[in-house]
1. Filter segment 40-91 for residues that are among the basic types (Lys, Arg) and assigned to a loop (DSSP other than H, G, I, E, B); which is nearest to HIS20 (Cα to Cα)?
2. For segment 1-17, enumerate the residues that are out of contact with any Ser or Thr (no Cβ under 6 Å at 6 or more places or on another chain) and surrounded by 17 or more Cβ atoms within 10 Å (Cβ to Cβ).
3. Residues being of a type in the set (Lys, Arg) and in contact with a strand residue (DSSP E or B) (Cβ under 7 Å, 6 or more places away or on another chain): count how many of those fall in segment 104-145.
4. Kindly indicate the residue of segment 10-43 that is without any contact (Cβ under 8 Å) to a residue 40 or more places away in the chain and of a type in the set (Asp, Glu) and also nearest to ASN78 (Cα to Cα) among those meeting that condition.
5. Which count do you get for residues in segment 92-111 that are in a strand (DSSP E or B) and either of a type in the set (A, V, I, L, M) or on the phi > 0 side of the Ramachandran plot (or both)?
6. Are there any pairs, at least 6 apart or on different chains, whose C-beta atoms fall under 6 Å, with the first in segment 119-142 and within 19 Å of VAL80 (Cβ to Cβ) and the second assigned to a helix (DSSP H, G or I) and among the charged types (D, E, K, R), and if so, which?
7. Looking only at segment 76-104, count how many residues are farther than 15 Å from PHE33 by Cβ, at pLDDT 95 or above and small (Gly, Ala, Ser).
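The values are calculated or read from the model by the stated rules, or taken from the named source; none is laboratory data. Given the structure is predicted, the values throughout are model-derived calculations rather than measurements. FYI the Cβ positions are ideal-geometry reconstructions off the backbone, even for glycines, and counts take in every protein chain you see.
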Amino acid sequence: MQTHTDIITTFYTAFSKLDHVTMNSCYSEDIVFSDPAFGLLRGEEAKYMWEMLCTNAKDFSLTFSNIQLLDEEYATCNWVATYTFSKTNRKVVNYIKAFMRFKDGKIVEHSDAFKLSKWAAQALGWKGALFGWMSWMKKKIQNNARKNLIAFIEKKENK
């Protein structure tokens, strides 16, 4: 059986290659995912999110480091995604801390932490820098992310 370190390494190595199939194979069927942009996603929604991000990635690179096993269930790591945000063609370097819970050789919970305001400043320019810390702007970013995910899922399921 793979160790938690092996699973994390597989997940982020696959992500660096934009291989959502391998990434999603690391998840349990009932995965619970959350981050500041998409909020709470469950099961297929989370898997479709990775597929959408991998499919739409532009000028993408990823590094990961500092895998820490906290106990027999929990681990963390740091990862950095560098890419061009497609809506504005602006370069983003996002520093993220991942928290994962494992059960039966799969990731069952995955939470990514990053400053949405810092992301907004890079991705959206002066509007993001000026308003990215405000709750209405954060909500707008989350609503757009959710809307894009729903549209992606509907397109995939209607093929």
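1. LYS58
2. HIS4, ILE7, ILE8, PHE11, TYR12, PHE15
3. Number satisfying all stated conditions: 1.
4. Applying the filter and picking the extreme gives ASP19.
5. Summing the residues that are in a strand (DSSP E or B) and either of a type in the set (A, V, I, L, M) or on the phi > 0 side of the Ramachandran plot (or both) in segment 92-111 gives 7.
6. none
7. 1
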